[in-house]
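Data first, discussion second: the structure below is written as structure tokens.
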Amino acid sequence: MFYTNADIVDLNNQSVTQVWHLKKGWNWWSSYIHVELEDLENALGTSGITINAVDYTSVLYESGLGWAGNLTTINPAHMYQIEMAEDCTVELTGQLINASSFEI
């Protein structure tokens, strides 16, 4: 389960900071801002274990090696499963997605 709060919106350029509170274990995750996979991986740091996509692609965090796997991008129309080693607050800033341009 994830919780979103403390969203900060800059209406001049639609830059949004989205905050998620991820719990130890498995969490469902999605975003309404454009998120690069590398930015998500960096925000999770060593607290993240696995990110699974609905198309069965994934990345896994290996101590000393970083993130590796066949997941290459984050699709705003998809949900992801993120496994956490510990509770973690993730904060990312990006541009709002245009929801009408994605089929869910």
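Structural remarks
- Any hit, segment 62-80, residues being outside any strand (DSSP E or B), farther than 18 Å from residue 15 by Cα, free of Cβ contacts under 8 Å to residues at least 12 places away in the same chain and among the small types (Gly, Ala, Ser): yes
- Looking only at segment 89-104, and only at residues there that are among the polar types (S, T, N, Q) and in contact (Cβ under 8 Å) with a residue 24 or more places away in the chain, the one that is nearest to residue 38 (Cα to Cα): 93
- Of all residues in segment 86-101, none are in a strand (DSSP E or B), more than 10 Å from the chain's Cα centre (by Cα), of a type in the set (D, E, K, R) and under 22 Å from residue 24 (Cβ atoms).
- Scope segment 84-104; condition in contact with a helix residue (DSSP H, G or I) (Cβ under 6 Å, 6 or more places away or on another chain) and among the β-branched types (Val, Ile, Thr); matching residues: 90
- Residues in segment 27-61 that are outside any helix (DSSP H, G or I) and on the phi > 0 side of the Ramachandran plot: 56 alone.
- Candidates in segment 47-56 are the residues that are modelled with pLDDT of 95 or more and more than 16 Å from residue 76 (Cβ to Cβ); of these, the one that is surrounded by the most Cβ atoms within 10 Å (Cβ to Cβ) is 48.
- All positions within segment 80-104 that are at pLDDT 95 or above and either touching a Cys at 6+ places or on another chain (Cβ under 7 Å) or not hydroxyl-bearing (Ser, Thr, Tyr) (or both): 81, 82, 83, 84, 85, 86, 87, 88, 90, 91, 92
- Here segment 57-76 is the region considered, the condition is being within 13 Å of the chain's Cα centre (by Cα) and surrounded by 13 or more Cβ atoms within 10 Å (Cβ to Cβ), and the residue that is farthest from residue 21 (Cα to Cα) is 71.
The values are calculated or read from the model by the stated rules, or taken from the named source; none is laboratory data. All values derive from a computational prediction rather than experimental measurement. In this analysis, Cβ positions are derived from the backbone assuming ideal geometry, glycine residues included, and neighbour counts consider all displayed protein chains.
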